[in-house]
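The values are calculated or read from the model by the stated rules, or taken from the named source; none is laboratory data. It should be emphasised that the depicted structure is a prediction, and the values quoted were computed from it without experimental measurement. Positions of Cβ are backbone-derived with ideal geometry, glycine not excepted, and every protein chain shown enters the neighbour counts. We work out accessible area using only protein heavy atoms, side chains counted, and drop any ligands, DNA or RNA first. Shrake-Rupley method; radii C 1.70, N 1.55, O 1.52, S 1.80 Å.
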Amino acid sequence: MSAQAYKPAVKKKSKLKIFLFVLIFFLTLIIIKGIFLGAYHITSSSMRNALIEGDFVLVKKSSYQIKTPDKFPFTPFKIPSFRIFKRQKPERNDVVVFKMNEFLVDTSLTEYDLVKRIIALPGETVQLKDRSVFINDEEINNPSTVTFNLNSPFFYNKAEQKFYPFNDKTWKINFYGPVKVPQRGDTIQINPKNISIWQPIINYESGGKFINVEGTVITYKGRPITEYIIQKDYYFVLGDNRFESVDSRFFGFVPEDEIIGKVWMIYWSINPNIETGFWDFFNALRFDRITKSIY
């Protein structure tokens with residue numbers, strides 16, 4: 001048989017190698033993006049000065065747990081996500097990306113991936129007094145990136161502010177609490193006066209609206225209840241821009257299961273206030289922020 005007879009087989013083998021290489025490359029990319037790393041764009045000033053508008057950050061999704069992706073790769077289409085295993089618990093001052101579940105907040109907030117700093121851990125009591133944060137009645141140090149903008153409309157526009165969980169009229173954006181962060185295993189007393197506070201958490205943990213209130217009788221899945229045992233751990237988060245941040249003071253506690261990951265580093269940063277035409281591109285780039293680690 002002549003040498004020419006082998007040429008088609010060689011070509012087919014080469015094409016197969018290329019196809020397998022491309023397939024493995026994209027599968028690896030999907031695994032890394034879906035399970036280990038995520039890329040996010042900062043569009044608000046709530047985490048200034050740690051993160052500012054125009055920063056692009058990498059998030060370690062595997063910092064706390066390994067989960068299957070909740071979206072079909074490179075699309076907005078949601079798919080069921082399952083935890084493979086837990087790694088470690090989030091810690092105070094971790095800057096995290098998370099989502100808020102529809103049972104816990106208004107649906108307008110569920111559309112976004114949020115980024116804040118963890119301040120209080122499960123079971124701790126948090127209180128804000130002016131620029132100071134107290135955990136279990138002891139003052140903790142603010143990170144160096146925390147800022148207080150006294151010209152913020154949040155600071156002055158007090159009439160429309162509704163604070164979580166009690167909507168106490170004496171609470172302010174800089175005088176808040178004390179409030180205890182729910183912890184797995186906590187037993188809470190349920191009554192008509194506080195059911196509006198705990199109902200969203202019970203619904204979230206149950207995966208449905210099973211609470212019914214008829215006068216002074218509260219039923220859960222058709223059975224009267226006077227207490228409930230918390231099933232999950234929660235966290236209290238704040239933005240570093242303390243007077244310009246919608247955070248736990250307004251939307252409540254963040255469930256551990258809804259934390260996507262820990263912010264790792266800024267991989268790209270561009271000033272959104274500078275025109276990004278061809279000649280302005282390098283002026284808009286913020287080289288001093290690129291590769292900056294986030295603590």
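Per the listing Tyr267, Tyr235, the residue uniquely crowded, with 19+ Cβ neighbours inside 10 Å and not in a loop (DSSP other than H, G, I, E, B) is Tyr235.
Residues of region 173-194 that are touching a residue at least 24 places away in the same chain (Cβ under 8 Å), at negative phi and surrounded by fewer than 19 Cβ atoms within 10 Å (Cβ to Cβ): Asn174, Phe175, Pro178, Lys180, Gln183, Arg184, Asp186, Thr187, Ile188, Gln189, Asn191, Pro192.
Among the residues of region 167-205, which ones are hydroxyl-bearing (Ser, Thr, Tyr), in contact with a strand residue (DSSP E or B) (Cβ under 8 Å, 6 or more places away or on another chain) and more than 19 Å from Asp106 (Cβ to Cβ)?
Looking only at region 167-205, we keep the residues that are hydroxyl-bearing (Ser, Thr, Tyr), and these are 170, 176, 187, 196, 204.
Keeping just the survivors that are in contact with a strand residue (DSSP E or B) (Cβ under 8 Å, 6 or more places away or on another chain) gives 176, 187, 204.
Of everything in region 167-205, those that are hydroxyl-bearing (Ser, Thr, Tyr), in contact with a strand residue (DSSP E or B) (Cβ under 8 Å, 6 or more places away or on another chain) and more than 19 Å from Asp106 (Cβ to Cβ) turn out to be Tyr176, Thr187.
Going through Ile35, Ile66, Ile42 one at a time, which residue ends up being open to solvent by less than 40 Å² (accessible area, probe 1.4 Å), in contact (Cβ under 8 Å) with a residue 12 or more places away in the chain and touching a helix residue (DSSP H, G or I) at 6+ places or on another chain (Cβ under 8 Å)? Explain how you work it out, then say what you get.
Values: Ile35 fails: touching a helix residue (DSSP H, G or I) at 6+ places or on another chain (Cβ under 8 Å); Ile42 fails: touching a helix residue (DSSP H, G or I) at 6+ places or on another chain (Cβ under 8 Å).
None of the others qualify; the one that does is Ile66.
Annotation note: of Ile202, Ile197, Ile218, the sole residue that is open to solvent by less than 20 Å² (accessible area, probe 1.4 Å), aliphatic (A, V, I, L, M) and part of a helix (DSSP H, G or I) is Ile202. Considering only residues in region 92-118 that are surrounded by 12 or more Cβ atoms within 10 Å (Cβ to Cβ) and of a type in the set (Asp, Glu), the one that is farthest from Gly207 (Cα to Cα) turns out to be Asp94. For Lys89, are the conditions met, namely being open to solvent by 30 Å² or more (accessible area, probe 1.4 Å) and either of a type in the set (A, V, I, L, M, F, W, C) or touching a strand residue (DSSP E or B) at 6+ places or on another chain (Cβ under 9 Å) (or both)? No: the conditions fail for Lys89. Ile229 meets all of the listed conditions (1) touching a residue at least 24 places away in the same chain (Cβ under 8 Å); (2) open to solvent by 20 Å² or more (accessible area, probe 1.4 Å); (3) of a type outside the set (D, E, K, R); (4) closer than 30 Å to Ser108 by Cβ but one, namely (4).
Taking the listed residues Ile30, Ile118, Ile52, the one that is at pLDDT below 95 and within 23 Å of Ile266 (Cα to Cα) is Ile30, with no other qualifying.
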